[in-house]
């Protein structure tokens, strides 16, 4: 069986409609999360809103790129079943928050929060842990920093660059330094009524559950 088939499947299912929305008029509004429409019976939007993006070209590329990276790392270190579970945990928590906060929208970034939190908490290799923490920092910059101008882009890149030091310096950091990053980002964003914060926390809960069920997967024995 081909390796990383789960990540490839998730990427394909997400990428095809995400790209198609730029050519098919009305596709994104028809599939996006609309709390009023969901309450009126269009519950399927909670699933379809994960395969279109509301962040334009940049947001689409951002989400698809991180889906490939986080999915690959999660499937490699945790296995396909846990990869899917974490992806679903972020999606469910994020969609629940979107309904609670009455926030319409679309994108798989909430599902990616589950993968990132899972990597930071439950994976063994330090590379996976550090990339999960890096995504949380990058997401914080993407959500909080206005990108509608040169300065906004520069600040966002600067914050992401600082976050990347978690990856670059991972061998100098203890294994337990990475889980607090998505936890702090999750609490901060949740306090601002941003659904990504709830998605990160949902992913962490799922990851802690996995770690409790299989303690050997949560503590690295050597740097990677």
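The values are calculated or read from the model by the stated rules, or taken from the named source; none is laboratory data. Just so we're clear, the structure is a prediction, and the values are computed from it rather than from any experiment. Counting neighbours? That spans all protein chains shown, and the Cβs are built from the backbone with ideal geometry, glycine included.
List of remarks:
- The single condition among (1) within 23 Å of residue 30 (Cβ to Cβ); (2) modelled with pLDDT under 95 that residue 123 does not satisfy is (1).
- For residue 3, the criteria (1) at pLDDT below 95; (2) over 30 Å from residue 76 (Cβ atoms) hold in every case but one, which is (2).
- Any hit, the stretch 26-39, residues being touching a strand residue (DSSP E or B) at 6+ places or on another chain (Cβ under 8 Å) and within 22 Å of residue 97 (Cβ to Cβ): yes
- Between 98, 114, the distinction of being farther than 15 Å from residue 10 by Cβ and either touching a helix residue (DSSP H, G or I) at 6+ places or on another chain (Cβ under 8 Å) or at pLDDT 95 or above (or both) belongs to 98 only.
- Leading residue by the ranking (farthest from residue 136 (Cα to Cα)) among those in the stretch 180-192 that are within 17 Å of the chain's Cα centre (by Cα) and surrounded by fewer than 22 Cβ atoms within 10 Å (Cβ to Cβ): 190
- All of (1) within 26 Å of residue 206 (Cα to Cα); (2) in contact (Cβ under 8 Å) with a residue 60 or more places away in the chain; (3) not in a loop (DSSP other than H, G, I, E, B) hold for residue 65 with one exception: (2).
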